[in-house]
Amino acid sequence: MALIVQKYGGTSVGNPDRIRNVARRIAKSQAEGNQIVVVVSAMSGETNRLIELAHQIQPNPDPRELDVLLSTGEQATIALLSMALMELGARARSYTGSQVRILTDSAYNKARIIDIDGNAMKRDLEQGYIVVVAGFQGVDIEGNITTLGRGGSDTTGVALAAALKADECQIYTDVDGVYTTDPRVVPEARRLRVITFEEMLEMASLGSKVLQIRSVEFAGKYRVRLRVLSSFEESGEGTLITYEDDEQMEQAIISGIAFNRDEAKVTVLGVPDKPGIAYQILGPIADANIDVDMIIQNVSADDLTDFTFTVNKSELKNALKVLEKVQTQINARELISDDRICKVSVVGVGMRSHVGIASFMFKALADEGINIQMISTSEIKISVVLDEKYLELAVRVLHRAFGLQNNNAV
Ligand code: ADP
Ligand code: ASP
Ligand code: MG
């Protein structure tokens with residue numbers, strides 16, 4: 001008998017018919033002899049609706065109260081799904097994050113899971129229940145409700161699978177696996193049969209929202225067997241996240257293309273080129289708890305240099321406020337910013353053993369007249385920052401240039 005954790009996202013439980021469809025699939029899987037723990041998201045659009053409501057009351061919603069509010073979305077779905085399972089004659093029992101005791105830290109809106117109590121769930125499973133757990137939420141040591149950041153139900157699923165030592169964690173969504181890029185942007189994108197854990201981690205961190213990055217980190221840490229599948233198709237193997245490179249005999253150089261519209265660029269112009277300047281600029285940014293992604297400092301011509309970095313769009317205002325003070329302190333000439341940018345990245349473990357991937361990428365973009373504003377690389381990815389108007393064109397062009405639609409490497 002296998003123990004399987006199945007997570008169903010918002011679209012998959014978006015209305016009563018879809019909830020019934022999910023219930024039917026779960027009951028079928030149980031009838032095949034499996035023990036099932038289900039994690040569900042709020043019905044599609046619900047979390048956004050709640051956030052919008054909160055903003056109508058408080059322009060800057062109180063983080064603790066926001067989590068109390070947001071957790072209701074998932075709480076509604078667990079009850080509805082449990083009812084749908086009962087209607088099919090199955091035994092089902094729902095749990096909120098705090099009822100399970102998914103213990104998190106107290107970082108409201110982006111809490112991290114510390115520990116999960118598996119006892120009640122195990123007892124229920126042994127008695128033939130389907131256990132239905134609310135995704136995205138937990139409870140801190142003081143009993144406060146917390147949430148795990150947008151897309152956090154994926155992390156609940158993987159964390160439960162790790163805690164219960166499940167045989168597999170299945171993430172059911174509205175696409176039938178992880179694709180070479182978002183199939184909504186490039187229709188000829190191809191489903192990957194397998195993707196290495198490292199590549200999935202890069203894809204998620206570079207903007208592919210099919211899996212929340214923390215869920216991938218969790219899966220890697222506890223070696224959870226993780227698969228992405230469609231909740232709308234009756235069969236299909238989806239995409240398996242693999243941990244051993246040798247499973248990938250015919251590794252393509254590039255596995256996928258990720259993109260992100262959520263960043264903004266800040267430039268401090270005319271800063272003195274001397275030791276300590278990077279620290280003087282980025283220290284206060286870190287102190288304000290603002291995440292920085294790409295950083296570029298140019299070579300100086302006349303003892304003055306320009307310093308550019310990117311932050312999340314939602315943090316741009318804060319970053320500029322911090323930098324206005326810094327500008328006076330370090331006597332920089334000017335402060336400019338641009339929030340109409342995007343980041344496009346190519347990812348692949350095959351890059352390690354191949355040279356010339358970056359120049360190939362830059363040529364493909366140049367041939368389309370796309371200007372590159374910033375570049376950053378790691379062992380298995382190359383990212384470029386572009387004007388946001390080029391996002392779709394750039395992703396399509398690179399997808400074709402790297403032969404991703406045909407399973408061919410360059
Ligand atoms: P859920 O509500 O099930 O959690 P999400 O909307 O969070 O679903 O994630 C699924 C979506 O991720 C897909 O509809 C697709 O548009 C998007 N996506 C982005 N990049 C990829 C990719 N590389 N492969 C598959 N889907 C992707
Ligand atoms: N409902 C939450 C969100 O929309 C969590 C999730 O769906 O994973 O972000
Ligand atoms: Mg999601």
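Values computed for the structure shown
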quantity	calculated
Test: residue in region 203-219 that is surrounded by fewer than 17 Cβ atoms within 10 Å (Cβ to Cβ) and at positive phi	no
Which listed residue, of Glu315, Glu379, Glu334, Glu388, is in contact with a Cys (Cβ under 7 Å, 6 or more places away or on another chain) and touching a residue at least 12 places away in the same chain (Cβ under 8 Å)	Glu388
Any hit, region 190-201, residues being open to solvent by 30 Å² or more (accessible area, probe 1.4 Å), away from ligand 2 (no atom under 14 Å from the Cβ), within 30 Å of Met121 (Cβ to Cβ) and within 12 Å of the chain's Cα centre (by Cα)	yes
Extreme residue, most open to solvent (accessible area, probe 1.4 Å), among residues of region 180-189 that are within 9 Å of ligand 1 (Cβ to nearest atom) and free of Cβ contacts under 8 Å to residues at least 60 places away in the same chain	Arg184
Selection within region 134-153 - more than 6 Å from ligand 2 (Cβ to nearest atom) and touching a strand residue (DSSP E or B) at 6+ places or on another chain (Cβ under 8 Å)	Ala134, Gln137, Gly138, Val139, Asp140, Ile141, Ile145, Thr146, Thr147, Leu148
Residue that is open to solvent by less than 10 Å² (accessible area, probe 1.4 Å), outside any loop (DSSP other than H, G, I, E, B) and within 23 Å of Asn119 (Cα to Cα), where the choices are Val22, Val5	Val5
Evaluation of Thr196 against (1) of a type outside the set (Gly, Ala, Ser); (2) more than 9 Å from ligand 1 (Cβ to nearest atom); (3) at pLDDT 95 or above (one fails), failing number	(3)
Qualifying position, being farther than 24 Å from Asp67 by Cβ and part of a loop (DSSP other than H, G, I, E, B), among Glu202, Glu233, Glu198, Glu142	Glu233
The lone exception for Asp293 - which of (1) open to solvent by 30 Å² or more (accessible area, probe 1.4 Å); (2) part of a strand (DSSP E or B); (3) out of contact with any Phe, Trp or Tyr (no Cβ under 8 Å at 6 or more places or on another chain); (4) closer than 26 Å to Glu392 by Cβ it fails	(3)
Hey, Lys313 closer than 21 Å to Ser345 by Cα, open to solvent by 50 Å² or more (accessible area, probe 1.4 Å) and away from ligand 1 (no atom under 16 Å from the Cβ) or not	yes
Cβ-Cβ under 7 Å pairs, at least 6 apart or on other chains, region 150-179 side aromatic (Phe, Trp, Tyr), far side open to solvent by less than 10 Å² (accessible area, probe 1.4 Å) and more than 11 Å from ligand 1 (Cβ to nearest atom)	Tyr172/Gln6
Residue check, Asp67 of a type in the set (D, E, K, R) and surrounded by fewer than 16 Cβ atoms within 10 Å (Cβ to Cβ)	no
Matching residues, region 89-98, being surrounded by 16 or more Cβ atoms within 10 Å (Cβ to Cβ) and not small (Gly, Ala, Ser)	Arg93, Tyr95, Thr96
Selected residue [touching a helix residue (DSSP H, G or I) at 6+ places or on another chain (Cβ under 8 Å), open to solvent by less than 10 Å² (accessible area, probe 1.4 Å), aliphatic (A, V, I, L, M) and assigned to a strand (DSSP E or B)] from Val132, Val158	Val132
Any hit, region 49-58, residues being surrounded by 23 or more Cβ atoms within 10 Å (Cβ to Cβ) and not basic (Lys, Arg)	no
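The values are calculated or read from the model by the stated rules, or taken from the named source; none is laboratory data. Since we're looking at a predicted model, the values are computed, not measured. Neighbour counts are summed over all protein chains in view; Cβ atoms, including those assigned to glycine, are modelled from backbone coordinates with ideal geometry. SASA here: full protein model, heavy atoms, side chains in, ligands and nucleic acids out. Shrake-Rupley method; radii C 1.70, N 1.55, O 1.52, S 1.80 Å.
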